[in-house]
């Protein structure tokens, strides 16, 4: 089963490693979240996902609601469209709380396609990478 390959990132050092790797090109920003992707290179094909929301977004109730939405997005899309053997970190933003779920799903699909193709977020995808 493909969904069994999705596990959760829990260690701070893994979040920091994804953030450092995101600075070199595995980062895609949307109104509702920021996606960071870091290939692990350890030979394990499992897709790992991590979720974080800062206190700037709101109180605990709001942050937990946004994390639930991000987890639902990851469960729906990462097993089929995520990069195998990579860590995917979704960082919640203010608009993620009120943004339509279908729009967030389209944003994640677009972000994963861009990262898989190697096109930088600000670049024109019609021009060679």
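The values are calculated or read from the model by the stated rules, or taken from the named source; none is laboratory data. In this text, all values refer to a predicted model and were calculated from it rather than measured experimentally. So basically every Cβ, Gly included, is an ideal-geometry build from the backbone, and we count neighbours across all protein chains shown.
Which of the residues belonging to the stretch 41-62 are surrounded by fewer than 17 Cβ atoms within 10 Å (Cβ to Cβ) and either at pLDDT below 95 or closer than 18 Å to residue 85 by Cβ (or both)?
Selection gives 41, 42, 43, 44, 45, 46.
Answer yes if at least one residue in the stretch 35-46 is touching a helix residue (DSSP H, G or I) at 6+ places or on another chain (Cβ under 6 Å) and more than 23 Å from residue 118 (Cβ to Cβ), and no otherwise. Step through it out loud before you land on a result.
Looking only at the stretch 35-46, we keep the residues that are touching a helix residue (DSSP H, G or I) at 6+ places or on another chain (Cβ under 6 Å), and these are 35-38, 46.
This time we only want the ones that are more than 23 Å from residue 118 (Cβ to Cβ), so: none.
Scanning the stretch 35-46 turns up no residue that is touching a helix residue (DSSP H, G or I) at 6+ places or on another chain (Cβ under 6 Å) and more than 23 Å from residue 118 (Cβ to Cβ).
Report whether or not residue 20 is more than 13 Å from the chain's Cα centre (by Cα), under 22 Å from residue 113 (Cβ atoms) and surrounded by fewer than 13 Cβ atoms within 10 Å (Cβ to Cβ). Before the answer, list the steps.
Working: more than 13 Å from the chain's Cα centre (by Cα): yes; under 22 Å from residue 113 (Cβ atoms): no; surrounded by fewer than 13 Cβ atoms within 10 Å (Cβ to Cβ): yes.
Against the criterion (more than 13 Å from the chain's Cα centre (by Cα), under 22 Å from residue 113 (Cβ atoms) and surrounded by fewer than 13 Cβ atoms within 10 Å (Cβ to Cβ)), residue 20 does not qualify.
From the list 11, 73, exactly one residue is buried (at least 21 other Cβ atoms within 10 Å of the Cβ) and either under 18 Å from residue 99 (Cα atoms) or more than 14 Å from the chain's Cα centre (by Cα) (or both). Which is it?
On the way: 11 fails: buried (at least 21 other Cβ atoms within 10 Å of the Cβ).
Going through 11, 73 in turn, the sole match is 73.
Do you know which residues across the stretch 22-46 are closer than 27 Å to residue 97 by Cβ and touching a strand residue (DSSP E or B) at 6+ places or on another chain (Cβ under 7 Å)? Talk me through it step by step, then tell me what you get.
So in the stretch 22-46, the residues closer than 27 Å to residue 97 by Cβ come out as 22-23, 26-38.
Result: 22, 26, 27, 28, 33, 34, 35, 36, 37, 38.
Identify the residue in the stretch 76-98 that is touching a residue at least 40 places away in the same chain (Cβ under 8 Å) and more than 19 Å from residue 17 (Cα to Cα) and, among all such residues, is surrounded by the most Cβ atoms within 10 Å (Cβ to Cβ).
Here the answer is 96.
I'm checking my understanding of the structure. Among residues of the stretch 98-115 that are assigned to a helix (DSSP H, G or I) and out of contact with any strand residue (DSSP E or B) (no Cβ under 9 Å at 6 or more places or on another chain), which one is modelled with the lowest pLDDT?
Our first condition is that a residue be assigned to a helix (DSSP H, G or I); within the stretch 98-115, this holds for 101-115.
Cutting the leftovers down to out of contact with any strand residue (DSSP E or B) (no Cβ under 9 Å at 6 or more places or on another chain) gives us 101-103, 105-106, 109, 113.
Working: 101: 97, 102: 98, 103: 98, 105: 98, 106: 98, 109: 97, 113: 94.
Here the answer is 113.
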